[in-house]
Amino acid sequence: MLLRLGRYRGLRGPGLFFRFPAVDQVAAVVDLRTVVHDIPRQRALTRDNVPVTVDAVVYSRVRDAEASVLKIANYPKAIEGGAASMLRDSIGRRDLNDLLQEREEVQVELKRTLDTMTDPWGIEVEYVLITELWMSQELEEAMSREAAAVRERRARAQLAQAEKEIAGTLVEASAVYARDPVALSIRSMSMLYEMCLQGKATTIFVPTDTALQMRSPLGALGIMGPLKGTPGGPVGPEAAAPASP
């Protein structure tokens, strides 16, 4: 920007240009590239009275070089001060959970508000980014315990729902066994067979009713053959049933 005897004479672009010595003066050199403004660390209270500390940066670009020099003395300092004040106001209008979950909305709101302030100066705010957010160690530990309690409650609820479904299935199975004694006998022999598959020498005491059922042709065909080949030795009516009087 060129001044002649203190009066504004216009803008001069990059490269060589003519000026009168001792008469013309280059008042300011304006950088038209995007500039990064580091906002000082701000400490504020949220709406639910939780103290937090926030770091943020602002990306701006000079759109009108003439307005950025003639309408404000130091626009970088003005942007940093305005962004710091708006950041504290935005924190105070939100709860801590909203501030943590809606960071993108906070950034968009700050960008829109700050751009409204800098528009008369010929400056466009491109981005506002919240880089860091801190809280006290005690609060972080409390939030961690709360999150763990929520996960525990969810796990217990899922376990209770699974037990409810299993109980319903067992009720249906018991109704089937009550209507069909043969199915109950087959299930008993199947459980006995599964116990004998453990691969260890084990003594198994079989109830009298089950042993009597295994004496039947159905029991002999369904369970006696596989049991004779188990590592624990034969388990059948001769070994499990009590002797006849």
Phi to ³J(HN,Hα) by Karplus 6.51 cos²θ - 1.76 cosθ + 1.60 over segment 72-77, Hz, x for Gly, Pro: 8, 7, 9, 5, x, 5
Going by average Cβ neighbours within 10 Å, how do the peptides 43-50, 113-120, 163-170 rank, with the highest at the top? 113-120, 43-50, 163-170
Charges on Cβ only, +1 for Lys and Arg, -1 for Asp and Glu, centred on the Cα centroid of segment 56-197; of 176, 62, 113, which one is farthest towards the dipole's positive end? 176
Most exposed first by the Cβ proxy, i.e. fewest other Cβ within 10 Å, how do 80, 141 rank? 141, 80
Calculate the tail of P(r) for segment 137-179: the fraction of all Cα-Cα distances greater than 12 Å, expressed in %. 70
Search the structure for amide H atoms under 5 Å from the amide H of residue 56, placed 1.01 Å from N in the peptide plane, and list their residues when 5 or more places away or on another chain. 39, 131
Kindly state, to the nearest 0.05, the FRET efficiency for residue 191 paired with residue 164, given R0 = 22 Å and r defined as their beta-carbon distance. 0.40
Lys/Arg +1, Asp/Glu -1 at C-beta; segment 31-135 dipole; positive extreme among 34, 128, 85: 85
Protection proxy ranking of 93-100, 155-162 - average other beta-carbon atoms within 10 Å, highest first: 93-100, 155-162
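Every number in this text was worked out from the coordinates using simple rules, so none of it is lab data. Everything numeric in this text was worked out from a predicted model, so none of it was measured. Note: ideal-geometry Cβ built from the backbone for every residue, glycine included; neighbour counts use all protein chains shown.
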